[in-house]
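**Student:** Dropping the structure in here first, questions after.
The values are calculated or read from the model by the stated rules, or taken from the named source; none is laboratory data. What you see is a predicted model, and the numbers here were worked out from it, not measured in a lab. Glycine also receives a Cβ, built like all others from the backbone with ideal geometry; neighbour counts cover every protein chain displayed.
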Amino acid sequence: MTSIEAYATTRTGTFPERLAAAVGLLLALALLRLPFRHTVRAVRWARRAGRRPLAPERAEALIAAVRHAGHLWPVRCACAETSLGAVLAAALLGRRLAWCLGARFAPPPTAYHAWAEVPGHGPVGEYTTGGWHHHAALVI
């Protein structure tokens with residue numbers, strides 16, 4: 001979990017977004033305990049369920065709501081859990097986000113990372129200024 005995610009504790013979004021964020025995070029925590037092929041299948045199903053892409057500003061609020069809900073759970077809620085939770089929450093709201101797995105490059109550290117993105121707009125809720133670059137290896 002990056003330092004930006006660790007301090008994002010403000011409650012954002014509408015009530016349906018916060019409810020979908022909590023349910024999406026709960027589903028993500030359950031899916032990430034299964035074999036990865038089942039997780040990929042569920043994300044592909046969720047992408048088909050979402051009719052239209054989520055607006056970038058609403059996607060920011062949804063990811064912040066998922067991060068806030070993650071502070072209420074006594075388990076690990078890092079990048080994989082929050083990004084998958086946001087994708088599933090968007091599907092519950094009838095919208096679509098892409099789930100990306102790859103690497104985040106910066107000046108000193110390079111790390112494996114997972115993030116959600118609005119197609120054509122890049123990573124959502126991520127720190128992309130200051131030399132941080134996200135390179136996806138798998139986009140679902």
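**Student:** For the range 65-80, name all the residues that are within 13 Å of the chain's Cα centre (by Cα) and either assigned to a loop (DSSP other than H, G, I, E, B) or crowded, with 23+ Cβ neighbours inside 10 Å (or both).
**Tutor:** Within the range 65-80, ALA65, VAL66, ARG67, ALA69, GLY70, CYS77, ALA78 meet the criteria.
**Student:** Further question on the same structure: Restricting to the range 19-30, name every residue that is buried (at least 20 other Cβ atoms within 10 Å of the Cβ) and either within 9 Å of LEU84 (Cα to Cα) or of a type outside the set (Gly, Ala, Ser) (or both).
**Tutor:** GLY24, LEU25, ALA28
**Student:** Does GLU60 qualify as being among the charged types (D, E, K, R), more than 17 Å from ALA30 (Cβ to Cβ) and either touching a residue at least 24 places away in the same chain (Cβ under 8 Å) or surrounded by fewer than 19 Cβ atoms within 10 Å (Cβ to Cβ) (or both)?
**Tutor:** Working: among the charged types (D, E, K, R): yes; more than 17 Å from ALA30 (Cβ to Cβ): yes; either touching a residue at least 24 places away in the same chain (Cβ under 8 Å) or surrounded by fewer than 19 Cβ atoms within 10 Å (Cβ to Cβ) (or both): yes.
Yes, satisfied.
**Student:** Given the residues ARG58, ARG47, which is the only one that is out of contact with any Asp or Glu (no Cβ under 8 Å at 6 or more places or on another chain), on the phi < 0 side of the Ramachandran plot, part of a helix (DSSP H, G or I) and charged (D, E, K, R)?
**Tutor:** ARG47
**Student:** Can you name every residue in the range 17-42 that is farther than 22 Å from HIS68 by Cβ and in a helix (DSSP H, G or I)?
**Tutor:** Hits for the range 17-42 are PHE36, ARG37, HIS38, THR39, VAL40, ARG41, ALA42.
**Student:** Going residue by residue through the range 83-94, is there one that turns out to be crowded, with 17+ Cβ neighbours inside 10 Å and assigned to a strand (DSSP E or B)?
**Tutor:** no
**Student:** In a helix (DSSP H, G or I), modelled with pLDDT under 95, hydrophobic (A, V, I, L, M, F, W, C) and buried (at least 19 other Cβ atoms within 10 Å of the Cβ) - does that describe any residue in the range 97-104?
**Tutor:** no
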